[in-house]
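Student: Okay, handing you the structure first.
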Amino acid sequence: MFTKNNKTPAAPPPEPPQKPVPAQDAIRGAASKPLARAASIICADMKINGSVTSEGALQIDGIVDGDVSATDITIGASGQITGEVKAEVVKVKGRIKGSIRARKVELETGAHVKGDIVHSSLQIQSNAVFEGQVKHADDPLRETGPVAAGTSANESKPSVASTSPGPYSISSSSPPS
């Protein structure tokens with residue numbers, strides 16, 4: 001009934017085709033989705049004079065003199081921005097001199113921000129430096145600008161003439177009657 005066979009098969013039977021491994025599926029899936037791209041990088045040895053706009057993520061390790069807007073912005077430890085920063089998420093390890101408008105703002109250790117922040121969520125880690133005003137907003141990307149503390153948006157209309165001393169004055173004129 002049973003016999004002992006000492007012969008080994010010459011070739012192993014062919015294996016059925018395997019499904020792609022999950023990493024390959026992720027790569028294929030990422031390639032088909034426009035929002036799942038890698039971040040654009042402004043390297044430490046690069047300086048940009050002018051505004052930068054991206055529809056995806058942006059990593060800034062260099063210097064940008066101008067406004068920056070993207071979906072997700074990370075300013076690295078060597079990154080510097082002089083201008084307004086607008087994004088869904090802003091993570092700062094470097095320096096910003098200008099305002100930040102984002103749903104989520106994270107000032108990490110070593111960050112230096114000199115300017116106003118309008119946000120839905122704000123996190124400031126120890127040893128981060130921040131000088132400016134902070135305003136919470138449900139939709140910080142839609143609103144126009146920070147309003148001084150203690151005043152509402154309806155009260156922030158320009159005055160007819162400003163008599164404040166200094167090099168700047170604000171005036172508006174109404175059409176003649």
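The values are calculated or read from the model by the stated rules, or taken from the named source; none is laboratory data. Predicted model, so just to flag it, every value in this text is computed and none were measured. These accessible areas exclude ligands, DNA and RNA; they are computed on the full protein's heavy atoms, side chains included. Shrake-Rupley method; radii C 1.70, N 1.55, O 1.52, S 1.80 Å.
Student: What is the set of long-range amide H partners of residue 110 at a cut-off below 5 Å, with H atoms built 1.01 Å from backbone N?
Tutor: So residue 110 has HN proximity to 128, 129.
Student: Between residue 37 and residue 136, what is 0.36 nm times their sequence separation minus the Cα-Cα distance? Round to one decimal in nm.
Tutor: On the way: separation 99, 0.36 × 99 = 35.64 nm, distance 3.00 nm.
Gain on extension, residue 37 to residue 136, equals 32.6 nm.
Student: Between residue 80 and residues 5 or more places away or on another chain, which pairs have amide H atoms under 5 Å apart, with H built 1.01 Å from N, and which residues are they?
Tutor: Excluding prolines and chain starts, which carry no amide H, the hits are 62, 63, 64, 95.
Student: What order do 96, 63 take when sorted by accessible area (1.4 Å probe), most exposed first? Don't skip to the answer; put the middle values down first.
Tutor: Working: 96 5, 63 55 Å².
Heavy-atom accessible area, descending, gives 63, 96.
Student: Here's a follow-up. Name the residues whose placed amide hydrogens come within less than 5 Å of the amide hydrogen of residue 100, ignoring near sequence neighbours (fewer than 5 apart) on the same chain.
Tutor: Long-range HN contacts for residue 100: 85, 116, 117, 118.
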